[in-house]
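Have a look at the structure below, then the notes.
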Amino acid sequence: MKRRILITGATSGIGLEVAKALVNEEVQLILGCRNLNKADEIWGQVRPIKGAKIEIFELDLSSFESIDKFALEVEKSVSGLDVLVNNAGLYMDQAKKTHEGFEMTIGVNHIGSHYLTHKMIPLLLKGESPQILNVCSKAAYYGKVVKRDDFFQNHPFGFKAYSTSKLLQLMATMELAKQLKPDGIAVNAIHPGGVNTNIFRGDTLIMKIVRKTNQKFTISAQEAAKSVLTFIQDEKKWKITGGFFEKDAVKINVNPKLIDPVSCEEWVKRTEEAILTKASPKKPKMFKLGERPEV
Ligand SMILES: NC(=O)c1ccc[n+]([C@@H]2O[C@H](COP(=O)([O-])OP(=O)(O)OC[C@H]3O[C@@H](n4cnc5c(N)ncnc54)[C@H](OP(=O)(O)O)[C@@H]3O)[C@@H](O)[C@H]2O)c1
């Protein structure tokens, strides 16, 4: 059977290159893209091999309504999912909030992606050697979580938010790997390296300087995509779970204090509580810690 692979953010950078590499194989690709016109323009020029199937659906991770609609499209399209690549992400050079009122960087990179992940778990449970791959970053080392009620809502933007969003994503990876191990779903985080992509957008002087510096010291998105692709294409890696990996699937030794299991569990709980206060009551399809979702 063709592997069914969902990739978020397949209109630029790493996500686009991961998806483009996969159209040379007999796979079923589902691409979650926030800008359908851009997606159509890019994907209209890609020539997949005959056995590859590509579907593109709108997905804005800064809106639960959009995530709900996207999840319904995916459910209509496939009866099971083998790989979920949570790649879409952003860096904000200004204060902005998601539709639900979360700081935009944390809201998209962590909360929106976590909500989508939960919505996909019932499909992943019906997948073959299912995997969740979170495109994370070593920027997580600089992230800081503070137990404050409005932490997700009122957080400074810029690098503080980006690094914290990646730390939360890394912690969620560890916690979900633990929770989903009995169900056979592998969950890993990947640091793709410093990559020359469009992540640093905006017209402020600082963003212009960051973009220029970034171009000089980074690898191409095509090169970075290989760190993700190896987990999808190499069958020997399908069962690996609960790790943070970089180029050539080398395991990263994370400072244990950053990802101690108690904190990981607590921050996933906080994230899910925040989601549940905003998600449409009929739609969340979330399960509490330790519980298994109904399939
Ligand atoms: N670049 C690096 O050096 C680096 C290093 C470590 C980790 N990463 C991670 O790699 C991932 C991909 O980033 P990239 O560097 O490839 O950046 P990129 O070129 O800016 O691509 C980001 C992708 O995410 C999409 N996206 C942004 N906000 C979204 C939203 N609200 N809803 C849905 N999709 C959204 C973008 O859509 P549009 O095309 O519509 O903007 C784009 O397709 C991110 O998670 C990032 O944190 C990057």
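The values are calculated or read from the model by the stated rules, or taken from the named source; none is laboratory data. Bear in mind that the values here come from a model prediction, so they are computed numbers and not experimental data. Note that we place each Cβ from the backbone using ideal geometry, even for glycine, and neighbour counts take in every protein chain shown. For the accessible areas, the whole protein counts, side chains as well, though only heavy atoms, and no ligand, DNA or RNA atoms are used. Shrake-Rupley method; radii C 1.70, N 1.55, O 1.52, S 1.80 Å.
Overview of values
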| quantity | calculated |
| --- | --- |
| Distance between region 8-65 and region 130-146 - C-alpha centres, whole angstrom | 23 Å |
| Prolate/oblate/rounded label for region 173-276 (Cα gyration tensor, a/c 1.5) | oblate |
| Cross-link partners of residue 278 among lysines (Cα-Cα below 27 Å; sequence separation of 8 or more within a chain) | 69, 76, 96, 97, 119, 144, 147, 160, 166, 178, 269, 288 |
| Cα-based reach from residue 257 at 15 Å (exclusive), listing aspartates and glutamates while leaving out same-chain residues under 8 positions away | 175, 265, 266 |
| Rounded percent of accessible protein surface that carbon and sulfur make up, the chain, 1.4 Å probe | 51 percent |
| Gain in span if fully extended, residue 128 to residue 198, counting 0.36 nm per residue against the direct Cα distance | 21.9 nm |
| Projected area averaged over orientations for region 57-201, convex hull of C-alpha atoms, nm² | 8.7 nm² |
| Axial C-alpha extent at least 18 Å, average Kyte-Doolittle at least -0.5 - helices from the chain (DSSP) | 64-77, 158-180 |
| Solvent exposure, largest accessible area first (probe 1.4 Å, DNA, RNA and ligands not counted), of 187, 145, 250 | 250, 145, 187 |
| Computed over the chain: relative contact order in percent, which uses C-alpha pairs under 8 Å that are six or more apart | 18 percent |
| Extent along principal axes [Cα atoms of region 31-121; Å; largest to smallest] | 44, 29, 18 |
| Rounded accessible area per residue of the chain, 1.4 Å, Å² | 47 Å² |
| Excluding exposed DSSP-loop GluC sites (Glu not before Pro) (at most 11 other C-beta within 10 Å), longest clean stretch of the chain | 1-290 |
| Calculated FRET value between residue 153 and residue 53, using beta carbons and R₀ = 30 Å, to 0.05 | 0.15 |
| Candidates 276, 168, 133: whichever shows maximal mean-square fluctuation once the chain is modelled as a Gaussian network with Cα springs under 10 Å | 276 |
| Residue 219-residue 25 FRET efficiency (beta carbon distance; Förster radius 22 Å; 0.05 resolution) | 0.45 |
| Of the trypsin sites (Lys or Arg not before Pro) in region 214-268, those whose Cβ has at most 15 other Cβ within 10 Å and which sit in DSSP loop | 239, 257 |
| Sum of side-chain charges, residue 157 neighbourhood, beta-carbon under 12 Å (Lys, Arg +1; Asp, Glu -1) | +1 |
| Set of aspartates and glutamates near residue 208 by C-alpha distance (under 14 Å), chain-local residues within fewer than 8 positions excluded | 93 |
| Cα Rg, Dmax, region 3-278, angstrom units | 17.3, 52 |
